[in-house]
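Below: the structure, in structure tokens.
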Amino acid sequence: MINFTNIESPGLMVNPEIVKKNIQWVLNQVDKNPSRLRPHIKTHKTREVNQLLLAAGITKFKAATIAECELLALDEAPDVLLSMQPTGTTLLRFIELLNKYPKTSFACLLDDAQAAHSLNAVSNNQRVFVDLNMGMNRTGIKSEDSLPLIELIEELPNLILSGLHAYDGHIRDVQIEERQQHVEQDFQSFYALLPQVRKDLELVVGGTPSFLVHHSNPNYVCSPGTFVFFDTGYAKLYPSNSLELAVQVIGRVISIPTGHTISIDVGHKSVAPENSIDNRLQFIDHPEWKLLSQSEEHGIVEVGDSSTLSIGDVVRMYPYHICPTVALHQYLQVGDGSVWKVVARDRKITI
């Protein structure tokens, strides 16, 4: 039983044992072979989770920012892929990162010939992955158009083609059969490309939703991220006996304005607000409660009979989208009183 006396609100509370279980569950899905995983750390941004992943034997990681890359390097993670095509100051910082942390091997994404030439001009034996557009239309080059870029990278003297990156974050069909069909359809051009490239390239595919499809292919290195903490947005995509929700949003009743509503100290500065008001929070102890509105520091909740509640009562919730929710908080609280600092929520650590 957690004593909430010293648990701050609004805040996040993490259960380390569930995090460990989630890591083990994902490992089990790839036959306990950690070399088939390249987890993305954008969800948690903490050294503590990085250390749990390293302790589980995982050596390859993915990161979205220079700060996330540096966070991994602080614990000498062996292999880090920047899941971004570095440009401008990000390119300069990426090169500085390589020089400061020689014990970590860094790679980055490329999807453009000009960007490849720019990286080649400032690099020396730099590992890169070609970023393929699998239909999400966010980044990447279409598989059927990628051969000229692949050939260019192979020719440039300071670049080393290490792999292909095929992210399919748009594939999140609720039924696993539909998800499998969606992957099969969108990956046709990827399948056609593979016989035309080197067989030793690392094939980094998918995120958390499509992991349940890709994990069965032994040729793939899977890169889920949300799985460590999980959230209610992805829970509907997974079997009930698989991943568990490891992080709770903690709030308190700060006012009881009407006979059927309460005000809690959880506004949209405490939980990711990009989804509709119906898809932001799930009330753990009172699933019938309904979030009506939020302002910066307040949340108005319809509770039925508010006379049963008191000022200061703890309200526990699960977020719909955990990744940006974590980034709103300086630290995660643990039941034993310790905290996990969300170090990489900052855009810069030292570089």
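The values are calculated or read from the model by the stated rules, or taken from the named source; none is laboratory data. Please read all numbers here as calculations on a predicted model, not as lab measurements. Virtual Cβ from ideal backbone geometry, glycine too; neighbours counted across all protein chains shown. To get the accessible areas, we keep the full protein, side chains included, count just its heavy atoms, and leave off ligands, DNA and RNA. Shrake-Rupley method; radii C 1.70, N 1.55, O 1.52, S 1.80 Å.
What do you reckon, is residue 137 out of contact with any Leu (no Cβ under 9 Å at 6 or more places or on another chain), open to solvent by 60 Å² or more (accessible area, probe 1.4 Å) and not β-branched (Val, Ile, Thr)? So that I can check it myself, show each step before the final result.
Numbers: out of contact with any Leu (no Cβ under 9 Å at 6 or more places or on another chain): yes; open to solvent by 60 Å² or more (accessible area, probe 1.4 Å): yes; not β-branched (Val, Ile, Thr): yes.
Answer is yes for this residue.
The set of residues from segment 118-131 being surrounded by 14 or more Cβ atoms within 10 Å (Cβ to Cβ), free of Cβ contacts under 8 Å to residues at least 40 places away in the same chain and either under 21 Å from the mean Cα position of the chain (by Cα) or closer than 21 Å to residue 59 by Cα (or both) comprises 126, 127, 128, 130.
Take the residues of segment 218-254 that are open to solvent by 50 Å² or more (accessible area, probe 1.4 Å) and in contact (Cβ under 8 Å) with a residue 40 or more places away in the chain: which is farthest from residue 5 (Cα to Cα)? Of everything passing the filter in segment 218-254, 218 is farthest from residue 5 (Cα to Cα). The set of residues from segment 305-351 being open to solvent by 60 Å² or more (accessible area, probe 1.4 Å), free of Cβ contacts under 8 Å to residues at least 24 places away in the same chain and in a loop (DSSP other than H, G, I, E, B) comprises 330, 336. Taking the criterion of being more than 16 Å from residue 207 (Cα to Cα), open to solvent by 50 Å² or more (accessible area, probe 1.4 Å) and hydroxyl-bearing (Ser, Thr, Tyr), no residue of segment 140-167 qualifies. For segment 8-20, state whether one or more residues are buried (at least 20 other Cβ atoms within 10 Å of the Cβ) and of a type in the set (Ser, Thr, Tyr). Yes, segment 8-20 contains at least one residue that is buried (at least 20 other Cβ atoms within 10 Å of the Cβ) and of a type in the set (Ser, Thr, Tyr). Among the residues that make up segment 52-61, is at least one of them among the β-branched types (Val, Ile, Thr) and buried (at least 19 other Cβ atoms within 10 Å of the Cβ)? Checking segment 52-61: at least one residue is among the β-branched types (Val, Ile, Thr) and buried (at least 19 other Cβ atoms within 10 Å of the Cβ).
Yes or no, residue by residue, for (1) farther than 15 Å from residue 47 by Cα; (2) open to solvent by 30 Å² or more (accessible area, probe 1.4 Å); (3) assigned to a loop (DSSP other than H, G, I, E, B); (4) hydroxyl-bearing (Ser, Thr, Tyr):
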site	(1), (2), (3), (4)
68	no, no, no, no
72	no, no, no, no
85	yes, yes, yes, no
96	yes, yes, no, no
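Here residue 170 clears all of (1) within 22 Å of the chain's Cα centre (by Cα); (2) open to solvent by less than 10 Å² (accessible area, probe 1.4 Å) except the condition numbered (2).
Looking across segment 258-282, the residues that are farther than 11 Å from residue 325 by Cα, in a loop (DSSP other than H, G, I, E, B) and in contact (Cβ under 8 Å) with a residue 40 or more places away in the chain come down to 258, 259, 260, 265, 266, 267, 275.
Residues being buried (at least 19 other Cβ atoms within 10 Å of the Cβ), without any contact (Cβ under 8 Å) to a residue 40 or more places away in the chain and closer than 19 Å to residue 144 by Cβ are entirely absent from segment 192-202. Scanning segment 10-43 for residues that are assigned to a loop (DSSP other than H, G, I, E, B) and among the hydroxyl-bearing types (Ser, Thr, Tyr) yields one hit, 43. Sub-9 Å Cβ pairs linking a first residue in segment 135-153 that is of a type in the set (Lys, Arg) to a second residue that is part of a helix (DSSP H, G or I), at least 6 apart or interchain, are 142/189, ordered by first then second residue. Within segment 203-217, being in a helix (DSSP H, G or I) and open to solvent by less than 10 Å² (accessible area, probe 1.4 Å) holds for 211, 214. All conditions in (1) open to solvent by less than 30 Å² (accessible area, probe 1.4 Å); (2) free of Cβ contacts under 8 Å to residues at least 60 places away in the same chain; (3) farther than 16 Å from residue 341 by Cα; (4) under 21 Å from the mean Cα position of the chain (by Cα) hold for residue 115, with the sole exception of (4). Just one residue in the set 206, 169 is free of Cβ contacts under 8 Å to residues at least 60 places away in the same chain and in contact with an Asp or Glu (Cβ under 9 Å, 6 or more places away or on another chain); that residue is 206. Taken over segment 261-297, residues that are closer than 13 Å to residue 315 by Cα, open to solvent by 60 Å² or more (accessible area, probe 1.4 Å) and in contact with a Ser or Thr (Cβ under 9 Å, 6 or more places away or on another chain) amount to 1.
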